[in-house]
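Colleague: Before anything else, here's the structure in question.
The values are calculated or read from the model by the stated rules, or taken from the named source; none is laboratory data. Fair warning: this is a prediction, and the values are worked out from it, not measured in the lab. Reconstructed Cβ throughout: ideal geometry from the backbone, glycine too, with neighbour counts over all protein chains shown. These area figures cover heavy atoms from the full protein model, side chains too; ligands, DNA and RNA do not enter into them. Shrake-Rupley method; radii C 1.70, N 1.55, O 1.52, S 1.80 Å.
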Amino acid sequence: MFRQGGNSFREKERNIPIFSQVDVLVVGGGPAGFGAAVAAARNGAGVLLVERNSFVGGTATAGFVNQFRQMYHISGIPQEVVKRLGKTGGTDPEAWRGYYNSAAFDLEELKFVYEDMLEQAGVKVLMNTWGVDVILENQEVKGVIIENKSGRQAVVADVVIDASGDAD
């Protein structure tokens, strides 16, 4: 227990409830995590995406980095994002074809496009949730410990993708 004058507190050992068991767990909802989650779900996997913010998009939305760059050979999911943004007025879908191969976008529109695509793919999303530790079995990652307003919980997964941006 706590000792007066100490600089740490030893937490009592406890059982952590399992929140979910999924095929693929993606930690981080920035462009990489978003793309991985959508691709996995479209290929039939049960996917849970854990995002620390109250919205997806990573540095593109939370960091106000609102320009697609180096888009010489855009295809697949990124191309779909640009086309959807173009339809909503969130970007000029032809701008990236120009000399600089870049296009500015409305970061609020990007949030909606990402969320729509995740929902349409069938990805379950937990916002305001941190991945705080890994579950290891014989040096193999079997899941992640998460924390949010519901407390500390476990997610067990066949595949864990760390797209947190900082590998925490």
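Colleague: Can you find, among Met117, Val156, Ala103, the residue farthest towards the positive end of the dipole of the range 78-168? Put +1 on the C-beta of Lys and Arg, -1 on that of Asp and Glu.
Modeller: Positive-end residue among those listed: Met117.
Colleague: Rolling a 1.4 angstrom probe over the protein heavy atoms, how many square angstrom per residue are accessible across the chain?
Modeller: 63 Å²
Colleague: A further question on this structure: Quick check: residue separation of Ser54 and Asp23 times 0.36 nm, minus the Cα distance between them. What number comes out in nm?
Modeller: 8.8 nm
Colleague: Okay, next question. Helix 31-42 sits at what angle to the longest principal axis of the chain, using alpha carbons and giving 0 to 90 degrees rounded to 10?
Modeller: 90 degrees
Colleague: Related question: Would the chain count as rounded, prolate or oblate if I go by the C-alpha gyration tensor, calling it rounded below 1.5 in a/c and otherwise prolate when a/b exceeds b/c, oblate otherwise?
Modeller: In terms of gyration-tensor shape, prolate.
Colleague: Extension gain Glu80-Asp168, at 0.36 nm per residue separation less the Cα-Cα distance, in nm?
Modeller: On the way: separation 88, 0.36 × 88 = 31.68 nm, distance 2.97 nm.
Once the chain is fully extended between Glu80 and Asp168, it gains 28.7 nm.
Colleague: For the chain, please report how many Lys pairs fall under 26 Å Cα to Cα, leaving out neighbours fewer than 8 apart on the same chain.
Modeller: The result is 10.
Colleague: While we're on this one: Tell me, what are the semi-axes, in whole angstrom and largest first, of the equivalent ellipsoid of the range 88-168 as set by the roots of 5 times the Cα gyration tensor eigenvalues?
Modeller: 34, 16, 12
Colleague: Would you work out what percent of the accessible area of the chain, with all protein chains in place, is carbon or sulfur (probe 1.4 Å)? Show your work: numbers first, answer last.
Modeller: Numbers: 5100 of 10580 Å².
With neighbouring chains kept in place, the figure for the chain is 48 percent.
Colleague: Here is a follow-up. Restricting everything to alpha-carbon atoms, can you work out Rg to Rh for the range 1-69 with a Kirkwood hydrodynamic radius?
Modeller: Expressed as Rg/Rh, it is 1.22.
Colleague: Now, a different point. List the residues of the range 104-121 whose backbone N lies under 19 Å from a point placed 7 Å from the Cα of Arg42 along the Cα-to-Cβ direction.
Modeller: Within reach of a label on Arg42: 110-121.
Colleague: Shifting gears a bit: Looking at the chain, send over the antiparallel percent of its DSSP beta bridges, to the nearest 5.
Modeller: On the way: 16 of 31 bridges.
In the chain, DSSP labels about 50 percent of beta bridges as antiparallel.
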